[in-house]
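Notes to accompany the following structure.
FYI, it's all coordinate maths here, none of it is from the lab. None of the values given here were measured: they were computed from a predicted structure. When we count neighbours, we look across all protein chains shown, and the Cβ atoms used for this are built from the backbone with ideal geometry, even at glycine.
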Ligand SMILES: [Cu+2]
């Protein structure tokens with residue numbers, strides 16, 4: 001029996017490496033999901049990526065979840081009273097023909113109650129849920145603390161008290 005095109009496509013899909021650099025769901029592209037290596041006792045981590053929306057209509061990221069953490073929230077850093085603090089946001093708009101960057105010091109997916117330490121070189125699954133495009137599972141690559149230079153102040157410093165980087 002000849003191999004049908006669909007079967008062949010399925011075989012090829014399975015042959016791809018587990019970690020791919022970017023992902024697609026509907027008109028959305030999710031570029032390079034990554035997280036920073038943390039000490040073994042770190043209570044919470046964060047995941048970052050860039051969302052591109054090729055559609056003529058905006059979409060919204062509604063939430064994220066991973067089996068790696070007790071629960072996940074969408075967070076942003078806000079400046080208030082001269083301090084930088086983290087705040088939960090209910091959803092994040094991805095503009096039509098636009099992009100949104102999740103990065104240190106800005107938007108991130110907060111991962112509370114890590115079940116295993118985040119070690120450089122490994123990856124873990126993260127499911128993102130969009131209002132229009134639906135759900136997609138991506139693999140988050142854990143990178144060493146030196147791998148990336150933060151693009152501003154606001155290294156992720158844990159959650160308790162939301163301490164900021166005030167000027168003294
Ligand atoms: Cu946070």
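Computed values, structure above
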{"item": "Estimated distance in nm for a label pair at residue 62 and residue 146, the labels positioned 7 Å out from Cα along Cα-to-Cβ", "result": "4.3 nm"}
{"item": "Neighbour-count ranking [beta-carbon atoms within 10 angstrom, fewest first] of 22, 27, 59, 81", "result": "81, 22, 27, 59"}
{"item": "Relative exposure of 65, 91, 144, judged by other C-beta atoms within 10 Å (fewest first)", "result": "144, 91, 65"}
{"item": "Linear extension gain, residue 71 paired with residue 137, 0.36 nm per residue minus alpha-carbon span", "result": "22.2 nm"}
{"item": "Pairwise FRET efficiency - residue 22 versus residue 88, Cβ, R0 = 30 Å, nearest 0.05", "result": "0.70"}
{"item": "Gained length - residue 32 relative to residue 50, 0.36 nm times residue gap less alpha-carbon distance", "result": "5.8 nm"}
{"item": "Rg to Rh, two decimals, where segment 21-147 supplies the alpha carbon set and Rh follows Kirkwood", "result": "0.96"}
